[in-house]
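See structure below.
No value in this document is a laboratory result; all are computed from the given coordinates. This is a predicted model, so every value here is computed, not measured. With ideal geometry, Cβ positions are generated from the backbone for all residues, glycine too; neighbour counts draw on all protein chains shown.
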Amino acid sequence: MEDISFQQVFSRVYSYLCEAGVEMNSTQCRQLLQLMDDAVGNIGINPEQEEGSGKLSGTPPPDSRGRRLLESAMNRVPEYFTLPESHIAAPTPPLCRGSIGYRRHD
């Protein structure tokens, strides 16, 4: 399975915030970058590389690092951003017997 890149995680969180109604100005973008920094620190990516292998030492398989980063970032969103309340509209107006066109049988 392909790894999720840092840019993809950032884009997903950014899109989520925009769709949730958060206005993304320069202050909010800096907050998002701080959130991403904390999320990266939380999953423990070790920057030291093993000699000759080209892989990071002490890190989980590539396909789980990106997913763990996404999970960590999304779990931190409420700590960094106040999301507007969502109001769910009533699905339909209340139905009354006469409102659907049936005649009353006497």
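Key figures
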quantity	calculated
Distant-in-sequence amide H partners of residue 4 (H built 1.01 Å from N, under 5 Å)	66, 67
Which of 65, 30 has the fewest Cβ neighbours within 10 Å, and the rest in rising order	30, 65
Distance between modelled label sites at residue 30 and residue 79, nm, 7 Å Cα→Cβ extension	2.0 nm
Full-stretch length increase - residue 37, residue 92 - with 0.36 nm per residue and alpha-carbon distance subtracted	15.4 nm
